[in-house]
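K.L.:
I have a structure here, written as structure tokens, and I will follow up with some questions on it.
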Amino acid sequence: MTKKCIIIGASHAAAQLAPSLRQEGWDGDIIVIGDEPYLPYHRPPLSKTFLAGDKTAESLAIRPAAFYKKNNIQFLQGRVSSINRDQQTLTLSDGQELGYDKLALCMGSRVRKIPLPGGELDGVHYLRDIAYAEGIKKHVKKDKHVVIIGGGYIGLETAAALKNQGMNVVVLEMAQRILQRVTAPELSEFYTRIHTEEGVNIHTGISVTGIAGETHTEKVICADGTEFPADLVVIGVGILPNTELAEECGIEVKNGIIVDEFCRTNDSDIVAAGDCTNHFNKIYDRRIRLESVPNANDQGKTAAASICGLSKEYKSLPWFWSDQYNLKLQIAGLSQGYDQVIIRGDKRTDRSFAAFYFKGGQMISAECVNRPQEFMLSKKIIADKLAINPDRLADESIAIKELLQFSLQH
């Protein structure tokens, strides 16, 4: 009988895992179940070029329909309501039951919603998928007021996209600085300056208590009594991994679905990949859950190999990016726990610089704005644990190529 692999979630991880299965020799059925009426698509542009109107929903597709047809990869729109590991079946919300030989959990994550008075008003939106982004686009008009609740990457990317379209933009962040959860103060200070120069009004250490209006949002009200006019409200306060299905059927979950270095769960017939997973990272010697496209792609390849009985260890360096205005931020590694930071360039006046983070004399992370060479150098140094003199990094008279050669020799 033909074997069947079912992939739950039409995510970035799924878009990589499915074709990788074919490349690794899986000749059985492949069925991808997703709850959106789209093939897997690129999500990062939603808060950037898609919101700006430069991309259509169709243009976001990771791969064309013809590719999946050629590789005999089937798609089924629906929502899985339960998994029976003993019977190796899953049940959809419409009652349909499907059997599997191998199962891949690529369920990604969802927006974290907050119970705000007035949160149900027209004009109040979150941003995670195409439907959310389409809803926001309907309210984008020049000179209108938008309040963005949350100063993380999604909030700031949305602020840049809407400011570029002529809206009056206010960002409200409860923490003492923007990007506080995800980055060091150096980058927070830089982006506060950039957005302020672009005309975005940023308020930190401020708590939102409600949104007011009759049927449509009119203003956002804060705990200190401050009110901001709002024709549009976009809430971006983080995401939550979709782990409930896994937990309900006895798959081990702790801040994500627990997987080993081969993306295997505690069930030998079930793998997992992407935002919903928690893995042990050897570079940082601890368990982490990553919310990034590169992680989803790399884990998708590893999970596919495991399904096919092959061992391809996942040991990638975490990396991320963010596009705001004409700036491309590229981040290599994780900066938590650093004890020294080295700056290359002038982050106080320029729009291009790199910040290198060290712990015990070893580089552990780098944040590079419009500095692609520094980014590539950093990835190499961190992944291979190369030694480098921090003072040389700060000296812009020394070329990047020379810095790398020096590191490789020492």
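K.L.:
Which of the residues belonging to the range 240-291 are part of a strand (DSSP E or B), open to solvent by 40 Å² or more (accessible area, probe 1.4 Å) and touching a Lys or Arg at 6+ places or on another chain (Cβ under 7 Å)?
P.N.:
Scanning the range 240-291 gives 240, 280.
K.L.:
So, of the residues in the range 308-326 that are more than 19 Å from the chain's Cα centre (by Cα) and hydrophobic (A, V, I, L, M, F, W, C), which turns out to be surrounded by the most Cβ atoms within 10 Å (Cβ to Cβ)? Even if it seems obvious, please write down each step before you answer.
P.N.:
The initial filter retains those residues of the range 308-326 that are more than 19 Å from the chain's Cα centre (by Cα), namely 308-313, 326.
Subset that is hydrophobic (A, V, I, L, M, F, W, C): 308, 310.
On the way: 308: 18, 310: 12.
Top of the filtered list is 308.
K.L.:
Further question on the same structure: Of the conditions (1) under 25 Å from residue 129 (Cα atoms); (2) touching a Cys at 6+ places or on another chain (Cβ under 6 Å), residue 42 fails just one. Which one is it?
P.N.:
Tallying (1) under 25 Å from residue 129 (Cα atoms); (2) touching a Cys at 6+ places or on another chain (Cβ under 6 Å), residue 42 fails exactly one: (2).
K.L.:
Sticking with this structure for a sec: Can you pull out the residues in the range 37-52 that are in contact with a helix residue (DSSP H, G or I) (Cβ under 6 Å, 6 or more places away or on another chain), closer than 30 Å to residue 270 by Cβ and open to solvent by less than 40 Å² (accessible area, probe 1.4 Å)?
P.N.:
40, 41, 46
K.L.:
Another one. Residues of the range 292-307 being assigned to a helix (DSSP H, G or I), within 20 Å of the chain's Cα centre (by Cα) and not basic (Lys, Arg), which ones?
P.N.:
293, 294, 295, 296, 297, 298, 299, 300, 302, 303
K.L.:
For residue 165, indicate whether it is outside any helix (DSSP H, G or I), over 22 Å from residue 354 (Cβ atoms) and in contact (Cβ under 8 Å) with a residue 60 or more places away in the chain. Talk me through it step by step, then tell me what you get.
P.N.:
Numbers: outside any helix (DSSP H, G or I): yes; over 22 Å from residue 354 (Cβ atoms): yes; in contact (Cβ under 8 Å) with a residue 60 or more places away in the chain: yes.
Judged against the criteria, residue 165 is a match.
K.L.:
Still on this structure: Name the pairs: first residue in the range 264-290 and under 17 Å from residue 245 (Cα atoms), second residue acidic (Asp, Glu) and modelled with pLDDT of 95 or more, Cβ to Cβ under 8 Å, at least 6 apart or on different chains?
P.N.:
From residues that are under 17 Å from residue 245 (Cα atoms), the pairs are 265/252; 266/252; 269/101.
K.L.:
While we're on this one: Just to be sure before I move on: is residue 217 of a type in the set (Ser, Thr, Tyr) and buried (at least 21 other Cβ atoms within 10 Å of the Cβ) in the structure I sent?
P.N.:
Yes, satisfied.
K.L.:
Go through (1) exposed (fewer than 15 other Cβ atoms within 10 Å of the Cβ); (2) part of a strand (DSSP E or B) and name the single condition residue 224 misses.
P.N.:
Answer for residue 224: the failing condition is (2).
K.L.:
OK, next. State the number of residues belonging to the range 185-203 that are under 24 Å from residue 223 (Cα atoms) and open to solvent by 60 Å² or more (accessible area, probe 1.4 Å).
P.N.:
2
K.L.:
Under the condition of being part of a loop (DSSP other than H, G, I, E, B) and open to solvent by 30 Å² or more (accessible area, probe 1.4 Å), which residue from the range 11-25 is farthest from residue 305 (Cα to Cα)?
P.N.:
25
K.L.:
What do you reckon, is residue 136 closer than 28 Å to residue 277 by Cβ and under 27 Å from the mean Cα position of the chain (by Cα)?
P.N.:
On the way: closer than 28 Å to residue 277 by Cβ: no; under 27 Å from the mean Cα position of the chain (by Cα): yes.
No, not satisfied.
K.L.:
How about the range 53-146: which strands (runs of 3 or more DSSP E) wholly inside it have at least 1 residues that are in contact (Cβ under 8 Å) with a residue 12 or more places away in the chain and crowded, with 19+ Cβ neighbours inside 10 Å? Write out each step before concluding.
P.N.:
Values: elements: 73-77, 80-84, 89-92, 97-99, 102-105, 109-111, 124-126.
Because the criterion is at least 1 residues that are in contact (Cβ under 8 Å) with a residue 12 or more places away in the chain and crowded, with 19+ Cβ neighbours inside 10 Å, the strands (runs of 3 or more DSSP E) in the range 53-146 that meet it are 73-77, 80-84, 89-92, 102-105, 109-111, 124-126.
K.L.:
Taking the criterion of being within 27 Å of residue 292 (Cα to Cα) and within 25 Å of the chain's Cα centre (by Cα), would at least one residue in the range 383-392 satisfy it?
P.N.:
Checked the range 383-392: at least one residue is within 27 Å of residue 292 (Cα to Cα) and within 25 Å of the chain's Cα centre (by Cα).
K.L.:
Let me ask something else about it. Yes or no: residue 233 assigned to a loop (DSSP other than H, G, I, E, B), buried (at least 16 other Cβ atoms within 10 Å of the Cβ) and not basic (Lys, Arg)?
P.N.:
For residue 233, the condition - assigned to a loop (DSSP other than H, G, I, E, B), buried (at least 16 other Cβ atoms within 10 Å of the Cβ) and not basic (Lys, Arg) - is not met.
The values are calculated or read from the model by the stated rules, or taken from the named source; none is laboratory data. All figures in this text were calculated on a predicted structure; none of them were measured in a lab. When we count neighbours, we look across all protein chains shown, and the Cβ atoms used for this are built from the backbone with ideal geometry, even at glycine. Each accessible area value is taken on the protein alone, full model and side chains, heavy atoms only, with ligands, DNA and RNA left out. Shrake-Rupley method; radii C 1.70, N 1.55, O 1.52, S 1.80 Å.
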